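Below is one structure; the comments refer to it alone.
The values are calculated or read from the model by the stated rules, or taken from the named source; none is laboratory data. The model shown is predicted, which means the values in this text are computed figures rather than measured ones. Here the Cβ positions follow ideal geometry from the backbone for every residue, glycine too, while neighbour counts run over all protein chains shown.
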Protein chains: 2
Amino acid sequence: MAAADEAQGFRPLDEASLVAYIRATPALAASLGGRVDDLAVKEVGDGNLNFVYIVSSDAGSVVVKQALPYIRCVGDSWPMTRERAYFEASALREHGRLCPDHVPEVYHFDRAMSLIGMRYIKPPHIILRKGLIAGVEYPLLAEHMSDYMAKTLFFTSLLYNSTTEHKKQVARYCENVEMCRLTEQVVFSDPYMVSKYNRWNSPFLDKDAEAVREDDGLKLEIAELKSMFIERAQALIHGDLHTGSIMVTRDSTQVIDPEFAFYAPMGYDIGAFLGNLILAYFAQDGHADQTNDRKAYKQWILKTIEESWNLFQQKFLGLWNKHKDGNGEAYLPAIYNNPELLSVVQKKYMTGLLHDSLGFGSAKMIR
Amino acid sequence: MAAADEAQGFRPLDEASLVAYIRATPALAASLGGRVDDLAVKEVGDGNLNFVYIVSSDAGSVVVKQALPYIRCVGDSWPMTRERAYFEASALREHGRLCPDHVPEVYHFDRAMSLIGMRYIKPPHIILRKGLIAGVEYPLLAEHMSDYMAKTLFFTSLLYNSTTEHKKQVARYCENVEMCRLTEQVVFSDPYMVSKYNRWNSPFLDKDAEAVREDDGLKLEIAELKSMFIERAQALIHGDLHTGSIMVTRDSTQVIDPEFAFYAPMGYDIGAFLGNLILAYFAQDGHADQTNDRKAYKQWILKTIEESWNLFQQKFLGLWNKHKDGNGEAYLPAIYNNPELLSVVQKKYMTGLLHDSLGFGSAKMIR
C-alpha cells in the first residue's frame, strides 16, 4: 500500500515536512499572513482517524488535517481509504456554502496528499463533549445546531433540488462507501454480535451487552434502520454528528469532521445529535459532586434537546415554505400549492423525520 | 443536437443503412448465420420510444433497436437522452445473467449509435397486453414472472450484495436520471395536475380525472411514493414492468425494454406487473361478447395475480435462505442466524414489500 500511495503522490507529513509543505503552498501561506519563516506546529489529533496540526505564525493560525491510509486509533491493521479526506473537504465546502456561520472554511485541499487546510477554530472553543462533561451551559447551542441541520439537510434534499442535481450528487458520494461501511459496522452490526471492536465497561456491563446481543425485537428494528441508512439517499448528511464533532463557546458553534458525509436519511444526523445529548443527560449523575449536583444542568440539557428539535422543525418548514415554488422535485407547486394540503404534507413529513431521528438516535446511543 | 450527435458517431439508421451496418458488424452477422447477402428488414417499433427492426436472413433473425435523441411517440419536441440504450443494454445483460430463461440475450451493443442487437423473440410470442385483450390464458405466466422478479430483485439487493458492490452499481445507474424523471412526471406528477400529456377518455372520464386532481389524501400518499421512488436504492428494477414489456406464449415468458432500469424500490416492479393485471381484469367487461362473457378469464387473471405474489414470495425467501450466509450486508449471519428471528425478519420484510407493491401498483393504475 505504501508504494501505491507514493505513486499517487502521497507522503505522510511530520512537523518538519509540514512546515516545508506550507511554505510551498500559497493558499496556506496566505492563511498565515504570509509569515512562514517561524512557524509553530502542534499535533492535536485526539480523534480516532486522522492527524491534525495547528500551525501558527505571528500573524495567524491554520488547521492542517491529513488522512492516513488506516484508522489512526486502531493502527495499520485496519486500513481505511485516504479518499475520506476528499469527501470531508467536499462536505465542508458544500455545508459551509449552505451554513457559513457554523462550518469552518476550507482554504486548501490536496487530494493526492489527502490534506485539508482549514480555518483554525480559536480558543476558547472546546469540543462540546468536554463542555458537557464540565457542566457548561451553551445558551445558543439549540439555535445554532437547528440552523445547521435545517440548512444543510433541506438544501441537499429533493425538497429543494431537482432529481437531476440530486442523483448527480448521490452518485458522487456513493464513492464514500468505505466510511459508510465503517458506520454500518460499528453502529448497526458490532453492538449486536460478539466483535473484537466492541468496548464496554466490563465486567459491570457484561450482562447489558449480552442483553443487547439477545434482544430479537431490537435486532428487527436495527435491521430496518440499517437498510434505510444504506438505501435511502434523502440528503447530504454529516454522517457523524455526535458531540465530539462540534466545537463551542457560549456564542459560537462550529461543526467539524464530516468525513462520513454521504446521501442518507436526514434522521441519522438529527438522531446522532439528540441521542448524544440524551447520553450526556444520563452521564451527569456520574459527574455530580458535593459542590454541584448537576440537577439544573440536566434540566438545561433536556431543554436543549427539546428546543433543538422544535427550532429545527420551525426552520426546516420555514425554508420549505420559502422555496416551495423552486426546483424541488418532491412536492411540485402545481400539485401541492393548496395551503391546507401543503400543511398536512409537511406535518406528515416532520412526523416521519422525528420517527427516523428517534430510531437512529437510539441506535447511536446503544453503540 | 444533431451536430453533437454526429460528432459522437451517431446517425439514425433506416432500413438500407441498417443492412450495411449489420454487414459490417461481425456479432450481428453471426446472429444471422453469416448469411447477410439477402436480408429482410421490418420496422416493428410500436412502442413509445425507439425504432425496432426485425432483420432476417435465410438462416435466422435478430432484433436491432435504436434509440433516437427524443421520444418517438411525441416527436423531437420532447428530447430524451440516447443514453437510455446504454442502460437498457446494461440491464438486459445483468438481468439476463440472473434470469436467462426470461430475458433475451444481447449480441451487440454500440454506445455511440445507441444501438442494441438482441435475440429475436419468435412467433407465436405476442405482447402480453394483446394476449390479455384477446382473452388468452397463459398457464405459466405467474410461475415465470415470479421467477424473473425474485431473481432480478433479490440478486441486486443488499440481501445478496455487499454495500461496496451495491453503491457502485447505484452510482452507475444514477446516470439514467432522465428516464427516472420521465417516470416521475408521467406516473407521480401529471395525473395529479393539469398537463398537456395527460390522456383520458374525454368527456366520459372528465369528472374522474378532476376527482384525481382534487383528492388530497391521494396526493399525500403519492408524494411519499414519489420520494421513495427517487431516494430508495433497493434493487436494480426493470422500471417499466407493465404488460407491454412482456412477450408470451403458453410456454414462454420474455421480459423486454428495461430502458428505465435503475436502483429503486422493488415494489415499483412488482406493483407495475400486478397493477397492470388488475387493470386487465377490469377491462374484461369491455371485451365480453355473446360468445364469451370473459367470466372464466377474469377468474384466471385473479388467480394469476394471487399466484404471482405467492410464488414471488416463496422464491424470494428461498433465495434469501439459500444465500443467507453470503456477502449480503443487510442481515449479517452473526446477528440473524437464529432461525426464529430470521423468520420474523423475513415476514416483516415481505409485508413491507407487499405494502410498497400495492402502493406503487395503485399509482401505476391511476396513471
Against the condition surrounded by 18 or more Cβ atoms within 10 Å (Cβ to Cβ) and assigned by TED's automatic domain parsing to the domain that holds B:R172, how does B:G96 come out, does it pass? no
In the list A:D190, A:D240, which residue meets the criterion of being under 30 Å from A:H323 (Cα atoms) and either modelled with pLDDT of 90 or more or under 17 Å from the mean Cα position of the chain (by Cα) (or both)? A:D240
From the set of residues in region A:314-345 that are of a type in the set (D, E, K, R) and within 11 Å of chain B (Cβ to nearest Cβ), which is nearest to the chain's Cα centre (by Cα)? A:E329
For region B:44-66, enumerate the residues that are closer than 17 Å to B:L28 by Cβ and of a type in the set (G, A, S). B:S56, B:S57, B:A59, B:G60, B:S61
Of the residues B:L128, B:L98, which single one is more than 14 Å from every other protein chain (Cβ to nearest Cβ), of a type outside the set (K, R) and touching a Phe, Trp or Tyr at 6+ places or on another chain (Cβ under 7 Å)? B:L98
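Look through B:L341, B:L302 and report the one residue that is assigned by TED's automatic domain parsing to the domain that holds B:E137 and surrounded by 14 or more Cβ atoms within 10 Å (Cβ to Cβ).
B:L341
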Might you check whether a residue that is polar (S, T, N, Q), within 30 Å of A:Y336 (Cβ to Cβ) and facing another protein chain (nearest Cβ under 9 Å) occurs anywhere in region A:143-153? no
Could you please let me know if A:N310 is surrounded by fewer than 24 Cβ atoms within 10 Å (Cβ to Cβ), out of contact with any Cys (no Cβ under 9 Å at 6 or more places or on another chain) and more than 14 Å from chain B (Cβ to nearest Cβ)? yes
Looking only at region A:241-259, which residues are surrounded by fewer than 24 Cβ atoms within 10 Å (Cβ to Cβ) and either over 18 Å from A:D101 (Cα atoms) or of a type in the set (S, T, Y) (or both)? A:H242, A:T243, A:G244, A:S245, A:T249, A:S252, A:T253
Which of (1) closer than 21 Å to B:Q185 by Cα; (2) surrounded by fewer than 21 Cβ atoms within 10 Å (Cβ to Cβ) is the odd one out, the single condition A:E329 does not satisfy? (2)
How many residues, within region B:163-177, are among the acidic types (D, E) and within 8 Å of chain A (Cβ to nearest Cβ)? 1
Restricting region B:222-240 to residues that are more than 8 Å from chain A (Cβ to nearest Cβ), in contact (Cβ under 8 Å) with a residue 60 or more places away in the chain and assigned to a loop (DSSP other than H, G, I, E, B), the residue that is surrounded by the most Cβ atoms within 10 Å (Cβ to Cβ): B:H238
Just checking, which of A:Y148, A:Y120, A:Y138 is aromatic (F, W, Y), surrounded by 16 or more Cβ atoms within 10 Å (Cβ to Cβ) and touching a Ser or Thr at 6+ places or on another chain (Cβ under 6 Å)? A:Y120
Residue identified as within 14 Å of another protein chain (Cβ to nearest Cβ) and of a type in the set (F, W, Y) among B:Y297, B:Y281, B:Y349: B:Y349
Among the candidates A:K322, A:K347, which residue alone is closer than 12 Å to A:L159 by Cβ and either surrounded by fewer than 16 Cβ atoms within 10 Å (Cβ to Cβ) or among the β-branched types (V, I, T) (or both)? A:K322
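Are there any strands (runs of 3 or more DSSP E) wholly within region A:25-139 with 2 or more residues that are over 26 Å from A:N198 (Cβ atoms), and if so which?
A:40-43, A:50-57, A:60-67, A:106-110, A:115-119
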For region B:157-205, name all the residues that are part of a helix (DSSP H, G or I) and farther than 30 Å from A:K226 by Cβ. B:E178, B:L182, B:Q185, B:V186, B:S189, B:D190, B:P191, B:Y192
Within region A:195-221, how many residues turn out to be within 13 Å of chain B (Cβ to nearest Cβ) and farther than 21 Å from A:S362 by Cβ? 1
Checking the conditions here, which among A:R23, A:R93, A:R72 is touching a strand residue (DSSP E or B) at 6+ places or on another chain (Cβ under 9 Å), more than 23 Å from A:Y148 (Cα to Cα), charged (D, E, K, R) and without any contact (Cβ under 8 Å) to a residue 40 or more places away in the chain? A:R72
Candidate set: region A:105-130, residues that are without any contact (Cβ under 8 Å) to a residue 40 or more places away in the chain and not charged (D, E, K, R); chosen: the one nearest to A:R11 (Cα to Cα): A:F109
